[in-house]
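The values are calculated or read from the model by the stated rules, or taken from the named source; none is laboratory data. Remember, it's a predicted structure, so these values are computed and weren't measured experimentally. Here the Cβ is made from the backbone with ideal geometry for all residues, glycine too, and neighbour counts use every protein chain on show. Each accessible area value is taken on the protein alone, full model and side chains, heavy atoms only, with ligands, DNA and RNA left out. Shrake-Rupley method; radii C 1.70, N 1.55, O 1.52, S 1.80 Å.
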Amino acid sequence: MTPVRQRPPLVADERTQLVGWLDQQRAIVFMKCEGLSAEEAHRAVLPASPLMTMAGIVSHLRWVEHLWFEVVFLGGPAVGPGLDEGPEDADMMVPGVPLARLLEEYGRQCAVSNEIIAAHPLDEPGKHADFDEAGATLRWMLIHMVEETARHAGHMDAIRELLDGKTGYY
C-alpha cells in the first residue's frame with residue numbers, strides 16, 4: 001500500500017514539519033513505483049548510471065535510512081551493503097530482488113527511523129565514533145534525509161517518465 005502523500009501542516013512544531021516533509025518524499029518514492037513490472041523496476045534507462053534503476057534507488061534509500069539513523073545517530077554496528085568490504089554502491093545492486101520486497105523493507109526501515117526520531121531530542125548529536133558525521137545533530141540528519149530522499153525521488157520522476165511516460169507528483 002502506498003503511503004499518503006501529504007504536506008505537513010502549515011503551522012506546526014519543528015519535528016512535525018521535518019518528519020512530515022520526509023514522510024511526503026518517502027510516499028512519493030512508493031507512488032513512483034506503482035504499477036511497474038519486474039522488468040521495468042530493474043531496467044536502467046540512464047546510460048551513464050547503470051545502477052540507477054527504480055529497484056536500486058529503493059534499496060539505496062532503505063540502506064541510507066539505516067545508515068543515518070541506526071548507525072551514525074544511534075551508534076549501531078556499520079553492517080549492510082556498502083558498509084562492509086563489498087563493492088561501492090552495493091546497496092543499489094539488487095538484480096532479481098522483487099520490487100515489492102524492496103518497498104516492504106524500505107517501509108519497515110522508515111518506520112524504525114521514525115521511532116528513533118520520536119525518541120530523541122533534535123539537538124542530540126550522533127554517537128558512532130567511526131563517522132565524522134556523527135557530530136551532527138538529529139535535526140541536521142533529518143534535513144539531510146529530506147534532501148537525500150527528495151533528490152532520489154526526482155531521479156525516480158525522470159526514470160519513470162523514460163520507462164513508460166508516466167508523470168505526476170500527486
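Take G80 and tell me if it is in a loop (DSSP other than H, G, I, E, B), under 26 Å from D130 (Cβ atoms) and touching an Asp or Glu at 6+ places or on another chain (Cβ under 9 Å).
Yes.
So which residues in region 119-135 are touching a strand residue (DSSP E or B) at 6+ places or on another chain (Cβ under 8 Å) and over 16 Å from V64 (Cα atoms), if there are any at all?
Answer for region 119-135, where residues must be touching a strand residue (DSSP E or B) at 6+ places or on another chain (Cβ under 8 Å) and over 16 Å from V64 (Cα atoms): L122, D123, E124, P125, G135.
So which of A129, A41, A48, A55 is in contact (Cβ under 8 Å) with a residue 24 or more places away in the chain and farther than 26 Å from P3 by Cα?
Residue meeting the stated conditions: A129.
Which residue pairs have Cβ atoms closer than 9 Å, lie 6 or more positions apart in sequence or on different chains, and pair a first residue in region 139-153 that is in contact (Cβ under 8 Å) with a residue 60 or more places away in the chain with a second residue that is among the acidic types (D, E) and open to solvent by 10 Å² or more (accessible area, probe 1.4 Å)?
If the second residue must be among the acidic types (D, E) and open to solvent by 10 Å² or more (accessible area, probe 1.4 Å), the pairs left are R139/E14; R139/D123; R139/E124; M141/E133; H144/E133.
Among the listed residues E104, E85, which satisfies the condition of being assigned to a helix (DSSP H, G or I), free of Cβ contacts under 8 Å to residues at least 12 places away in the same chain and surrounded by fewer than 16 Cβ atoms within 10 Å (Cβ to Cβ)?
Numbers: E85 fails: assigned to a helix (DSSP H, G or I).
Sole residue among the options that is assigned to a helix (DSSP H, G or I), free of Cβ contacts under 8 Å to residues at least 12 places away in the same chain and surrounded by fewer than 16 Cβ atoms within 10 Å (Cβ to Cβ): E104.
Residues that are in contact with a helix residue (DSSP H, G or I) (Cβ under 6 Å, 6 or more places away or on another chain), under 15 Å from H152 (Cβ atoms) and either in a helix (DSSP H, G or I) or modelled with pLDDT under 95 (or both): does region 11-23 have at least one?
Scanning region 11-23 turns up at least one residue that is in contact with a helix residue (DSSP H, G or I) (Cβ under 6 Å, 6 or more places away or on another chain), under 15 Å from H152 (Cβ atoms) and either in a helix (DSSP H, G or I) or modelled with pLDDT under 95 (or both).
Spot the failing condition for P9; the list is (1) within 22 Å of W140 (Cα to Cα); (2) buried (at least 18 other Cβ atoms within 10 Å of the Cβ); (3) not small (G, A, S), and only one is missed.
(2)
Could you please give the count of residues in region 49-70 that are over 15 Å from the mean Cα position of the chain (by Cα) and of a type in the set (V, I, T)? Give the derivation first.
Taking region 49-70 as the starting set, the residues that turn out to be over 15 Å from the mean Cα position of the chain (by Cα) are 49-51.
Subset that is of a type in the set (V, I, T): none.
Selection size over region 49-70: 0.
Among the residues of region 24-69, what is the count of those that are part of a helix (DSSP H, G or I), within 14 Å of L162 (Cα to Cα) and open to solvent by 40 Å² or more (accessible area, probe 1.4 Å)?
1
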